[in-house]
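A quick write-up on the structure given underneath.
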Amino acid sequence: MSFARGLNDTPKIAALFLIAPQMTPFGALALCGASIAIGGFITSGRVAETMSHRITPMNAGQGFTANLITALIVIVASRWGLPVSTTHVSCGSLFGLGTFTGGARWRSITKILLAWVVTLPIAATLAALSFALLKST
């Protein structure tokens with residue numbers, strides 16, 4: 001999963017760093033890697049808790065299977081240049097596992113799905129407002 005996440009997320013984030021005229025491709029990759037590592041160190045505990053316990057109960061073999069499927073999907077998407085969200089794919093694997101085993105915790109799944117649905121329009125609205133404010137100054 002770590003390899004798949006780095007393979008998929010690093011180019012997307014590094015490309016954003018390349019907007020700065022002083023940034024070299026190596027610098028962008030190094031900054032991206034450091035940013036992902038720091039972000040993972042700071043927030044990984046909460047995310048790991050949700051992913052491993054709040055979506056569905058699972059044994060080690062089921063967890064391995066969900067991670068393997070996630071990694072394969074993300075690697076194939078990366079090979080085709082598709083900018084998928086590793087977290088979304090991983091949640092999808094866990095949703096499928098929970099549905100198959102009958103252990104899906106639908107309250108947690110509903111909260112996650114609602115967050116996904118709400119994020120895009122809120123981000124679009126904030127971006128439009130920010131642009132309007134910056135344009136008027």
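Taken together, the values in this text are just the output of simple stated rules run on the coordinates, not laboratory data. Just so we're clear, the structure is a prediction, and the values are computed from it rather than from any experiment. Reconstructed Cβ throughout: ideal geometry from the backbone, glycine too, with neighbour counts over all protein chains shown.
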Query raised in the report: Rounded to the nearest 500 deg cm²/dmol, what is the calculated helix-only ellipticity per residue at 222 nm for the chain, with -39500 (n - 2.57) per DSSP H run of length n ≥ 4?
Result: -27500 deg cm²/dmol
Report task. Mind checking the stretch 78-137 for trypsin sites (Lys or Arg not before Pro) that DSSP puts in a loop (not H, G, I, E or B) and that have at most 16 other Cβ atoms within 10 Å? Result -> 105
Report summary line: Counting Lys and Arg as +1 and Asp and Glu as -1 over every other residue whose Cβ sits under 14 Å from the Cβ of residue 51, the net charge comes to +4
Report task. Could you check the simple spin-label distance between residue 76 and residue 37, using points 7 Å along Cα→Cβ, in nm with one decimal? Result -> 3.2
